[in-house]
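Reading through the structure tokens given below for one structure.
The values are calculated or read from the model by the stated rules, or taken from the named source; none is laboratory data. Just so it is clear, the model here is predicted, and its values are computed rather than measured. Cβ coordinates were reconstructed from backbone atoms using ideal geometry, including for glycine residues, and neighbour counts include every protein chain displayed. Calculation scope for accessible area: heavy atoms of the full protein, side chains included, ligands and nucleic acids excluded. Shrake-Rupley method; radii C 1.70, N 1.55, O 1.52, S 1.80 Å.
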Amino acid sequence: METAAIYHRPESEFAFLYQPNDFRVRLRTKRADVAEVNCFYGDPYVSTTDDLTNNSGSSHWDYQTMAMHKIATTEDFDYWEAALQVPYKRVQYNFEVVGQDGQKVLYGDRGVFPFTTELIGTNGNPFRMPYLHEIDRFKEPDWVRHTIWYQIFPERFANGDKDNDPVGVKPWRSDLSPNRTDYYGGDLQGVLDHLDYLQELGINGIYFCPIFKAYSNHKYDTIDYLEIDPDFGDKDLFRRVVEAAHQRGIKVMLDAVFNHIGDQSIQWQDVLANEENSRFASWFHINKFPVAYEETDNFENAKKLTFDTFAFTPHMPKLNTANPEVKQYLLDVAAYWIKKFDIDAWRLDVANEVDHVFWRRFAETCHQLKPDFYILGEVWHNSQPWLAGDQFSAVMNYAYTETMINGIVKHSLTPSRMVDGLNYQRTLYQRQVNEVMLNTLDSHDTARLLTVCDHDKDLMRQILAFTFLQEGEPCIYYGDEIGMDGGNDPDCRKPMNWDERTQDHQLFKFYQQLIQLRLQNADLLTQGEFIWDVIDNDRRIIKFTRLLNDRSIVGTFNIGQQIQTISANGINIFSQNYQDEQLSKYGFIIETITK
């Protein structure tokens, strides 16, 4: 047995309070190296002699034993988990690890030792959670687990009011590729006018790209965080959008950029005018004066910048969020839209480039106003530093996106390697974090899903069905549901196709059915156990079970080219390319089983 691979860390994703009195412990071991793991646990002050001050020997500590079960396997490791009941809100524990070779060791706070029962309660050896404070438990908003998000790029969704169209607006054409600086006149009135459409689709969460006053069509270069961009409407209109959405049971998430601000903002303009004498000079990361840069052929890219920016974009100077004035200003912005307009969530752009101290204050501000507020960070890599319970609720699960595209669409990963990647991401976080991740397959930053799937709608439907059975919440990019395509930005930002003659109504119906399946089984699909039943690299079959209490949903997917024989054991509630036990290319079958 490779004892060097055995790993556990208290107060982390390896040891956390999942629900009150439900303490989860995990252990990592080398893949296929360990036959069983047992957890010895109990209150540190409970002893067989009733001597609460003496817990130094195995004969005194009154512990329980629980067999741990394997929850995930990655390329290198197996992960084990157990749910411990902790009635006194404190616990100590260690692990018996039994190798496939028969070797037994005891693993605790002091490391790995040859197994003997005398060592189980030895003073200092067990891991210790001195007191499980409810205030420290990661609390995800319950409503998020029952949400299907729909991302709207406001400038391209619908033009409901031509009176606020910007100068030079182009004709509304969803079949032509836009340029980066084009305007089409999309606005909030257009969203309000189409809420019935969204309700018919079945979604219950709108994720807006930025709507604040800004210079560009994408609005990520904010001029004023406290104003609606006049191209989109005004605050009264936005209030009506939120109220109308809430009446339909639809939550509203706004996108904000607190990492940087636009160069047309009054703050940066004052810096340009007054240089080091500007009252806003310390609001930014200016390395030397005068403020300057060297232009290139690319508007978004500059050289020899004397100030820090988003990437090398001279028009997006980076804010100094450690500055008390900046911090308070942005916290006031966060509070304003919650208090005045009752928004339900923030999506935070470039969240990984802002300091953690600020995000902790940000989370406190939001949750004091609305305890079940959802905070979603844009982080494209390992997000553990932001997901300890004191900053974000979740992140945009781009690691999931990449793994799925590579495994199901591009076939650059074998089924087993794809599953290893999905498992690795799941083991990085506490269970409740995985339950509220945002799982998106495309967005305003990436090529559209239909284009990624080379316009094969069977393949598109397959990867969507797979995603809707995962723990995190699905997010639909506007227009995907009626067959819109598009390459990378800006091609993915075409105006929404409202021409019913050219919309794909069959695809729309598929989305409706998939959304209803998800919402009707939301608790099972977010909180249920995840069991990989079949991962067959040769047949390219993946089968998994989602299990909660006495109900389960089983998904079987043929991600290969050959027809495979698959026997259904439950009630077929949704399928594609499946007939007479034959699962064809890009086919799937979703079954429900009740014990």
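Name the strands (runs of 3 or more DSSP E) wholly inside the range 138-246 in which the number of residues that are in contact with a helix residue (DSSP H, G or I) (Cβ under 8 Å, 6 or more places away or on another chain) is 1 or more.
149-152, 205-208, 222-228
Pairs needed: first member in the range 72-83, of a type in the set (D, E, K, R) and modelled with pLDDT of 95 or more; second member anywhere, assigned to a loop (DSSP other than H, G, I, E, B) and open to solvent by 30 Å² or more (accessible area, probe 1.4 Å); C-beta distance under 6 Å; at least 6 residues apart or different chains.
So the pair list comes out as ASP76/ARG31; ASP78/ARG31.
Is at least one residue of the range 500-509 among the acidic types (Asp, Glu), under 23 Å from the mean Cα position of the chain (by Cα) and at pLDDT 95 or above?
No.
Here is a check on your reading of the model: is TRP386 under 20 Å from GLY472 (Cα atoms), without any contact (Cβ under 8 Å) to a residue 60 or more places away in the chain and not polar (S, T, N, Q)?
yes
Being surrounded by fewer than 19 Cβ atoms within 10 Å (Cβ to Cβ) and under 24 Å from the mean Cα position of the chain (by Cα) is the filter; apply it to the range 145-165 and report the residue that is farthest from GLY528 (Cα to Cα).
In this case the residue turns out to be HIS146.
For the range 259-297, give me each residue that is open to solvent by less than 50 Å² (accessible area, probe 1.4 Å), of a type in the set (D, E, K, R) and over 17 Å from ASN323 (Cβ atoms).
Residues satisfying the conditions are ASP263, GLU275.
Evaluate the range 475-491: report whether one residue or more is of a type outside the set (D, E, K, R), assigned to a helix (DSSP H, G or I) and open to solvent by 30 Å² or more (accessible area, probe 1.4 Å).
no
Could you grab me the full set of residues in the range 537-559 that are surrounded by fewer than 15 Cβ atoms within 10 Å (Cβ to Cβ) and either touching a residue at least 12 places away in the same chain (Cβ under 8 Å) or in contact with a helix residue (DSSP H, G or I) (Cβ under 7 Å, 6 or more places away or on another chain) (or both)?
Within the range 537-559, ASN537, ASP550 meet the criteria.
Give me the pairs: first residue in the range 165-194 and free of Cβ contacts under 8 Å to residues at least 40 places away in the same chain and farther than 23 Å from ASP236 by Cα, second residue open to solvent by 30 Å² or more (accessible area, probe 1.4 Å) and among the hydroxyl-bearing types (Ser, Thr, Tyr), beta-carbon distance under 6 Å, and six or more apart or on different chains, which are they?
Pairs that qualify, where the first residue is free of Cβ contacts under 8 Å to residues at least 40 places away in the same chain and farther than 23 Å from ASP236 by Cα and the partner is open to solvent by 30 Å² or more (accessible area, probe 1.4 Å) and among the hydroxyl-bearing types (Ser, Thr, Tyr), are VAL169/TYR183.
Conditions: (1) under 30 Å from THR73 (Cα atoms); (2) in contact with a His (Cβ under 9 Å, 6 or more places away or on another chain). ASP489 meets all but one. Number of the miss?
All conditions are met except number (1).
Return the residue satisfying two criteria in turn: it lies in the range 351-385 and is aliphatic (A, V, I, L, M) and under 14 Å from the mean Cα position of the chain (by Cα), and of such residues it is nearest to LEU428 (Cα to Cα).
Out of the qualifying residues, it is VAL379.
When the range 446-468 is examined, which residues are found to be assigned to a loop (DSSP other than H, G, I, E, B) and open to solvent by less than 10 Å² (accessible area, probe 1.4 Å)?
ARG448, CYS453
Which residue, of GLN513, GLN562, is in a helix (DSSP H, G or I) and open to solvent by 30 Å² or more (accessible area, probe 1.4 Å)?
GLN513
Among the residues of the range 458-497 satisfying the criterion of being within 22 Å of GLN199 (Cα to Cα) and without any contact (Cβ under 8 Å) to a residue 60 or more places away in the chain, which is nearest to the chain's Cα centre (by Cα)?
PHE468
Take the conditions over 18 Å from ARG26 (Cβ atoms), assigned to a loop (DSSP other than H, G, I, E, B) and open to solvent by less than 10 Å² (accessible area, probe 1.4 Å) and apply them to GLY102. Does it pass?
no
Do we find that ILE566 is among the hydrophobic types (A, V, I, L, M, F, W, C) and farther than 20 Å from GLN520 by Cα in this structure?
Yes: the conditions hold for ILE566.
Given the options ALA388, ALA394, name the one that is over 30 Å from HIS455 (Cβ atoms), out of contact with any His (no Cβ under 9 Å at 6 or more places or on another chain), crowded, with 19+ Cβ neighbours inside 10 Å and modelled with pLDDT under 95.
Of ALA388, ALA394, the one residue that is over 30 Å from HIS455 (Cβ atoms), out of contact with any His (no Cβ under 9 Å at 6 or more places or on another chain), crowded, with 19+ Cβ neighbours inside 10 Å and modelled with pLDDT under 95 is ALA388.
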